[in-house]
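The structure appears below as structure tokens.
The values are calculated or read from the model by the stated rules, or taken from the named source; none is laboratory data. Note that the structure is predicted; figures quoted are calculated from it, not measured. Neighbour counts run over all protein chains shown; Cβ positions are idealised from the backbone, glycine included. Note: accessible area is taken over every heavy atom of the protein model, side chains too, but ligands, DNA and RNA are not part of it. Shrake-Rupley method; radii C 1.70, N 1.55, O 1.52, S 1.80 Å.
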Amino acid sequence: MYYNISFDIAAILILIVLAVGMNTVLYTDTHGHKLVCTYIYSVLLVSVLDMITAYTICYGNMVPDALNLILNTLYQYSSILCVAVAMRTILNYYPSSGRNSMIINRSILLLLTAIVTLNLFTGWMFRFENGEYIHNKLYYISYVLLLVIVFHTLYVVLKNRSDRPATISRIIILFLFLPTIFTVIQMIFKNILLIAFGEAFSALIMLFALETPDYRKLMKTMNELEIAREEANNANMSKSDFLASMSHEIRTPINGILGMNTMILRDSEDPRIIEYAENIRLSGNTLLSIINDILDLTKIESGKMELVPDNYDLFSIMNDCYQMNRMRATDKGLAFTIENDPDMPSEYFGDEVRIRQIMNNLISNGIKYTHKGSVKMKIGFKENGEIQNADTEEYGTLIISVIDTGIGIKKEDLGSLFKSFGRLEQSRNRNIEGTGLGLHITHELVYMMKGTINVESEYNTGSAFTVTIPQKIVNRTPVGAFDLRLNEHVNIVTGIAGSFKAPGKRILVVDDVKVNILVFKGLLKGTELTIDSATSGPEALEMSANTKYDIIFMDHLMPKMDGIETFHKIRDNENNINRNTPVVVLTANAIVGMKSTYLEEGFTEYISKPVDQKELLTVTEKLLDQVL
Ligand code: ADP
């Protein structure tokens, strides 16, 4: 029989290159490296013996039978050794594969070694007679047993694949199957010797894909990165959770303090008490705005800050900013004015809340960092003529400038003002309250609206912050001059708060904290509403089963049965007379996306704590109107 040994020669050449490489440029002193080296040497041995036996079998008549038998037995031993090392190398990648899988492989290999040894005396597998190579019944036993090992190892790899990234497992499966596939091809073509080549080829893949030092370093770094990423994610999650609960824990008592304080301010006539209460109000509001800033920052950092665009009236924003800041400016003896282009459009489409927040941040900074002179907000509008859709959708740019005559900012600090949050000149500004979050948040909000923010400043002379925000025009009617309209507006709103009255209407407020109920009732005093209260979910269910209410105000977090569960029990009970009553959720849980979560639950409205009297009155009046 004639054998084609060209693939054996190719295998030997590949293996020599690999062996040299492994001992020089690719050398590392690791267990994995040693195993791959041993594998390469054992395949080299298989290839050489394969070639030699190919010749001795071919020229059987010139070689003694005993020598042929010994050489072929040695070939069988080298194959067994090669498989043993290969399986060991593979299982080395799966530390949790356990001792059992190693023991199973070893037992099969020992059995095979015993059969091959016995064959020397019995000829059960093969023998030589007068130079002729005779296969016996057990000839294929070595193939069968080696296949069992391959499949068993495959099973172990698949079972423990979570130990390694998917790419590594795939390469290892390839390493396992390449020699098997070459063996099958050899069994079909019989006289082409392919097995050793398959083994050399798989060693090549294994080495360059898994065992080169660079690749291993890369894998190690990737593993470390993965672990670091998980840790960072967990830390971020706990930060968000912490902030959510902190927000709730702090807002709940502030609700009580500010609410009670509102009542003191309203009912007290003693100027000293009013002064104390006013101080409580100021500090409470500052505390609240710090919490709101921290919440905004987490929303921005976690990518959960969403803009909620809607139609809005520019005058009402300017008016809010004016009302919110004028007292503080007056207290400091500063002139505070808002100027605008009277011909600019009056209504736009955008996120009113965030635009107001940007303006307020800049104005309150102006007031904080100005000791004498003035703070001025100028608002203008530039048409960009970019008509997107016929004449209905027109776009332009809102230009907001806040100019002060304050302490100014040094040139070297201007560059980093918006990027990193921090406070400048801590020693000079020691007495000015602040967290260093405001400008960073402002910058992020402007950026989200695809706008720009710039600052020009002269140290000790003053600063000018300019924000531009692209906005869609909704109503082109000129807004008019702010100061002229302000006078008219003051006349209209005076006396509105507390002026709506609804005698005969009945509402229910549910809150486990009694002081909150007191505050709530105080805020609606003067509306002549009948206000019932419940301090738990079950009590609320009982009351709502017996009395028809026009609105139910429900706290979310309550022990045992929370607001959401109570709400669903009322809504889902077909016999409940309040099944269709509007239910407003009152909650200190002002974290990311909560409003939409509550509305999706089915609540009619959402009011965050501390409850703002104006908001409560507006919502109550609106819902009562709808009930009529
Ligand atoms: P803070 O809460 O400290 O006011 P901000 O983020 O709003 O934080 O501002 C960051 C820093 O920028 C401030 O600490 C202050 O040093 C400086 N700054 C902001 N606005 C002005 C201004 N109008 N004039 C002078 N310095 C300002």
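Computed from the alpha carbon positions, the gyration tensor of region 546-592 leads to an equivalent ellipsoid with semi-axes of 21, 12, 9 Å, biggest first. Taking a ≥ b ≥ c as the square roots of the eigenvalues of the Cα gyration tensor of region 104-190, is the shape rounded (a/c under 1.5), prolate (a/b larger than b/c) or oblate? In terms of gyration-tensor shape, oblate.
About its Cα centre, the chain has a charge dipole of approximately 1740 debye under the convention of +1 per Lys or Arg Cβ and -1 per Asp or Glu Cβ, with nothing else charged. When all C-alpha to C-alpha distances in the chain are sorted into bins of 20 Å, what percent of pairs does each bin hold, rounded to whole numbers? In whole percents, the pair-distance histogram is 14, 30, 17, 18, 15, 4, 0.
Helices that extend 30 Å or more along their long axis by alpha-carbon positions and average at least 0.5 on the Kyte-Doolittle scale are, among the DSSP H runs of the chain, 31-58, 65-92, 98-122, 166-189.
Ordering S107, G373, I403 by Cα displacement along the dipole of the chain toward the positive end leaves S107 in first place; charges were set at the Cβ atoms of Lys, Arg (+1) and Asp, Glu (-1). As a rough guide to protection, the peptides 226-237, 601-612 ranked by mean Cβ packing within 10 Å, highest first, stand as 601-612, 226-237. The percentage of C-alpha pairs in region 308-488 whose separation is greater than 30 Å is 19%.
What does the C-alpha gyration tensor say about the overall shape of region 496-627? Classify as rounded when a/c is under 1.5, otherwise prolate if a/b is larger than b/c, or oblate. Judged from the Cα gyration tensor, region 496-627 comes out rounded (a/c under 1.5).
Using Cα-Cα distances under 8 Å and only pairs 6 or more residues apart, what relative contact order does the chain have, in percent?
The value is 10 percent.
For the chain, which whole-number percentage of the solvent-accessible area (1.4 Å probe, protein heavy atoms only) is attributable to carbon and sulfur atoms? Ligands and nucleic acids excluded, carbon and sulfur reach 59 percent.
Averaged over its residues, region 6-211 has an accessible area of 48 Å² per residue, based on protein heavy atoms and a 1.4 Å probe.
The share of alpha-carbon pairs in region 69-112 lying farther apart than 12 Å comes to 63%.
For region 44-117, the list of chymotrypsin sites (Phe, Trp or Tyr not before Pro) that fall in a loop by DSSP and count at most 15 other C-beta atoms within 10 angstrom reads Y59. Set the Cα radius of gyration of region 6-211 against 2.2 N^0.38 Å, with N its number of residues, and you get 1.05. Distance from the C-alpha centroid of region 443-470 to that of region 80-120: 72 Å, rounded to the whole angstrom.
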